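Right, one structure below, let's go through it.
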Amino acid sequence: MSYRKILSTAVAAGALLLAAQAHAEPQVEVLHWWTSGGEAKAVKALKEEFEANGGTWVDSPIAGGGGDAAMTALRARAMAGNPPTAAQVKGPSIQEWAEEGLLGDLTGVAKAEDWAKVLPPLLQDVMKYKGRYVAVPVNIHRVDWIWANPAVLAKVGVTAVPKTWAEFNRVADKLKAAGITPLAHGGQPWQDATVFEVALLGVGGADFYQKTMVDLDDAALRSATMVKVFDQMRKLRGYVDPNFPGRDWNLATAMVMNGEAAFQIMGDWAKGEFLAAGKVPGKDFLCAPAPGGSYLLNTDSFIMFDVKGKDALAGQRLMAKLILAPKFQETFNLYKGSIPARLGMDMSKFDVCAQRSSSDLVATIKAGTLRPSMAHKMAVPDRVVGAITDVVTAHFNSDLSSRAAATRLADSVAAAK
Amino acid sequence: MPAIFKWLDRQIPKIAIAPSFAAALLFVYGFIAWTGYISLTTSRMFPRYDFEGLHQYERLFTNPRWMVALENLAVFGGLFILFCLLVGIVLAILLDQHIRAEGAIRTIILYPMALSFIVTGTAWKWILNPGLGIERVVQSWGFENFAFDWLVNPETAIYTVVIAGVWQSSGFVMALFLAGIRGFDQEIVKAAYMDGASLTRIYLSIILPSLRAVFLSAIVVLAHLAIKSFDLVIALTGGGPGYATDLPATFMYTMAFQRSELGNAAASAVIMLMTVMAIIVPYLYSELRKKGHG
């Protein structure tokens, strides 16, 4: 408390001094965990763009633990009253940070840049706290993809990715009979949860998904439909190879690439693996939306802290403006393998999978079936995601009955809410 | 003047020790108390100082994952201590036979200790992986039906953690016991020989029973290694399959740093502290009492 006060007074005093100068020099310190491969390239593009516009960019990358290390550092800095200007935070966590009264206000930029028009409504809700923008989205990943190796499918006379789970099960049984692993999967809890939400979407539909994974409706979590979802998970468990526990997702992708397995259920970051290996979408590998006629959305975003000082505020405004500018949206998302968070962009430079993702996004917004991904922390707070994941992974790795799993799911969610 | 110097002379040890004492008081005991308090609040992403009673403990003990973690701690801790002692003592006795190249062998056995648990865990992950390690090698020798899939089987995965842990720590136990055995009065051993006692008998009935202090130190060190085990599990199984090999330490990490459940994590930390205390306090008590007599 006192630290924060002293610091903010110091910063405010500094701001007064700077205010004497004629205009502000945009400056940001950005805390993020994009440290590898395409992600690092993508963030570098943002840095260069920012500097080209006359700003100073202080990079604070914190690698490790899929963002856990970065979150821990960010929490410590925020508690010490010394937050960075912007930090990579996503989903409902944005609301939790805003509730602590730590975030700034981007409404001015949002109005000037007409975010209300260019952002999907679902994303607008995630980025806003009590009506004011506190964060800016960078990209859109789609989670509910099925990746397939057409050469492997051809061995059992199948030419297209199945459109329903019943059809998927039929094809998988055929593959299994032919001695091919139907599903490449890595047995890590978040991967189990990814497959679970995709299965749930296909079995229960978009409304059921909304009720269970977003609204956390107790009756729906215990319902017969949920039991069916767990039945499908049990089926899928039979389609993975015995060595799946602990495997990283990209190794599972490699199995599909090398023809050791037919399918993988994973978000579109898997595409980067195929492309990096020189595979051509539509020819060497297939991408198809999973059953359900919906769209599970995952978005990376930056929250903007409530900072003092003209330079920092100018930096935030510039950064927010640049991030959603069409030019940067294209460069960044080509590197990252996602699609622009901005609607109505020219998609001609993107590959067919990204184009499909973009057109499906527009279609599902219109149909009202666009949904936030639970497994990727877009729908409910981290603690609820954890509670759901625990049950899903316990069921997937034991012989727990579907009925018991549904009951345990509802109980765990109630305890975590 | 001289009086001040005299006074200073007497006080200097206290003054010198004061900063580290104050630091320990604040950073160890202060934060233990703070953690205890946080465990009684509704804290989630940030510490919140609202008193809520024992609700977090209730949540903890109705969480199936925590119960699995406790069960695993009992299985892992028990077997880890038992096998480390067994292997360590047997190795120490074998090395005590004044064999050739004892120094080299001792170093080789002690070397796993120099590795971090992360390295041990990663190496054993590959050794125990059915598709890469032992199972595959033995199958490639022609034993097609050989199966050793403990690592990927939720029922048995916790035992692989025991294997890797024992491999790493039994050398340390051996060193402790070797020192104890070497410090044993050879006259007594010779006397026992004269009386016709066999070598086994000498070790079992005379030497080992006299090494009570070594047993105690070994058990205390091994017990706290077991309770705070974290890196080994993370590297070897990642807590999986599912959460089948979760331990209290990994549970606490997950809650505090991945799920923004500070209150719940603090509650689990307090339970861990109490488990350690249950082992250390009786030990300290008996040790201190002995000193009081001596």
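How much net charge surrounds B:A16 when only the other residues with a Cβ under 13 Å from the Cβ of B:A16 are counted, with Lys and Arg +1 and Asp and Glu -1?
Net local charge, B:A16 excluded: +1.
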**Fill in**
From the Cα centre of region A:185-264 to that of region A:309-364, the distance in Å is 29 Å
**Request:** Report ³J(HN,Hα) in whole Hz for each residue of region A:97-106, in order, from the Karplus equation J = 6.51 cos²θ - 1.76 cosθ + 1.60 where θ = phi - 60°; Gly and Pro get x.
**Result:** 5, 5, 4, 6, x, 9, 9, x, 9, 10
**Prompt:** Which residue, chosen from B:A104, B:N145, B:S43, occupies the Cα position most advanced towards the positive end of the dipole of region B:39-293, where the dipole is computed from +1 (Lys, Arg) and -1 (Asp, Glu) charges on Cβ about the Cα centre?
**Reply:** B:A104
**Request:** With only Lys, Arg, Asp and Glu charged, each at its Cβ (+1 for the first two, -1 for the last two), find how big the charge dipole of region A:338-417 is about the Cα centre; round to the nearest 20 debye.
**Result:** 220 debye
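Please identify every one of the chymotrypsin sites (Phe, Trp or Tyr not before Pro) in region B:1-99 that sits in a loop by DSSP and has no more than 15 other beta carbons within 10 Å of its own beta carbon.
Numbers: sites: B:F5, B:W7, B:F21, B:F27, B:Y29, B:F31, B:W34, B:Y37, B:Y49, B:F51, B:Y57, B:F61, B:W66, B:F76, B:F80, B:F83; in loops: B:Y49.
Taking region B:1-99 and a limit of 15 other Cβ atoms within 10 Å, the loop chymotrypsin sites (Phe, Trp or Tyr not before Pro) found are B:Y49.
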**Request:** Over 26 Å between C-alpha atoms is what I'm after, so list which of A:K174/B:K125; A:K163/A:K228; A:K211/A:K366; A:K283/A:K327; A:K111/A:K349 land there.
**Result:** A:K174/B:K125; A:K283/A:K327; A:K111/A:K349
**Item:** Backbone HN-Hα couplings from phi across region B:201-218 [Karplus 6.51/-1.76/1.60, Hz, Gly and Pro as x]
**Value:** 4, 4, 5, 5, 9, 10, 6, 4, x, 7, 9, 4, 4, 5, 4, 4, 4, 4
**Prompt:** For region B:39-293, with the dipole built from +1 on Lys and Arg beta-carbon atoms and -1 on Asp and Glu ones, taken about the Cα centre, which of B:S217, B:L128, B:F117 lies farthest toward the positive end?
**Reply:** B:S217
**Prompt:** Taking square-rooted eigenvalues a ≥ b ≥ c of the alpha carbon gyration tensor, is region B:92-167 rounded, prolate or oblate, where a/c under 1.5 means rounded and, failing that, a/b exceeding b/c means prolate?
**Reply:** prolate
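Which of A:D144, A:D68, A:D241 has the fewest other C-beta atoms within 10 Å, and how do the rest follow up to the most?
Details: A:D144 28, A:D68 16, A:D241 19.
Placing the least packed residue first, the sequence is A:D68, A:D241, A:D144.
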**Prompt:** Considering only DSSP states other than H, G, I, E and B, which trypsin sites (Lys or Arg not before Pro) in region A:41-132 qualify as loop sites with at most 16 other Cβ atoms within 10 Å?
**Reply:** A:K130
**Asked** Tell me which lysines have Cα within less than 28 Å of B:K6's Cα, excluding those fewer than 8 residues away on the same chain?
**Response** B:K14
**Request:** For B:T41, list long-range residues whose amide hydrogen, built 1.01 Å from N in the peptide plane, is under 5 Å from its own amide hydrogen.
**Result:** B:E52
**Prompt:** What aspartates and glutamates could a cross-link reach from A:K44, if we take a straight Cα to Cα line under 16 Å and drop same-chain neighbours fewer than 8 places away?
**Reply:** A:E29, A:D59, A:D300, A:E330
**Fill in**
For the protein assembly as shown, percent of DSSP beta bridges that are antiparallel (nearest 5) comes out at 60 percent
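Loop by DSSP (not H, G, I, E, B), at most 13 other beta-carbon atoms within 10 Å: where is the longest site-free stretch of chain B for GluC sites (Glu not before Pro)? Could the numbers behind the result be given before it?
Values: sites that count: B:E52, B:E144, B:E155.
It runs B:156-294.
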**Request:** Starting from the Cα gyration tensor of the protein assembly as shown, take the square roots of the eigenvalues, sort them a ≥ b ≥ c, and report rounded, prolate or oblate (rounded when a/c is under 1.5, otherwise prolate if a/b is larger than b/c, else oblate).
**Result:** oblate
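Mean residue ellipticity at 222 nm from the helices of chain A, using -39,500 (n - 2.57) per DSSP H segment of n ≥ 4 over the full residue count, to the nearest 500 deg cm²/dmol?
Numbers: 19 runs with 217 residues, N = 417.
Dividing the helical sum by the residues of chain A leaves -16000 deg cm²/dmol.
State to the nearest 20 debye the size of the charge dipole of the protein assembly as shown about its Cα centre, where the only charges are +1 on K and R beta carbons and -1 on D and E beta carbons. It would help to have the intermediate numbers written out before the result.
Details: 65 positive and 60 negative charges, 120 e Å.
Around 580 debye, computed over the protein assembly as shown.
Ignore the peptide's own chain and count Cβ atoms of other chains within 10 Å of each Cβ in A:390-397; give me the average, rounded.
On the way: counts 9, 3, 1, 8, 8, 1, 3, 10.
For this peptide, the per-residue mean of nearby foreign Cβ atoms is 5.
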**Message:** For a test of the definition: using alpha carbon positions, the gyration tensor, and the 1.5 limit on a/c, classify region B:39-293 as rounded, prolate or oblate.
**Reply:** oblate
**Message:** Can you tell me, using C-alpha contacts under 8 Å and at least 6 residues apart, the relative contact order of chain B as a whole percent?
**Reply:** 29 percent
**Asked** So how strong a dipole does chain A carry about its Cα centre when Lys and Arg Cβ are +1 and Asp and Glu Cβ are -1, to the nearest 20 debye?
**Response** 420 debye
**Request:** Enumerate the lysines that A:K176 could reach by cross-link, defined here as Cα to Cα under 18 Å, with residues fewer than 8 away along the same chain left out.
**Result:** A:K155, A:K235
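Across the residues of A:178-188, average count of Cβ atoms on other protein chains within 10 Å? Don't jump to the answer; show the numbers that get you there.
Values: counts 0, 0, 0, 0, 0, 0, 0, 0, 0, 6, 5.
Counting other chains' Cβ atoms within 10 Å and averaging over A:178-188 gives 1.
Read the figures in this text as sums done on the coordinates, not as results from a lab. Bear in mind that the values here come from a model prediction, so they are computed numbers and not experimental data. Counting neighbours? That spans all protein chains shown, and the Cβs are built from the backbone with ideal geometry, glycine included.
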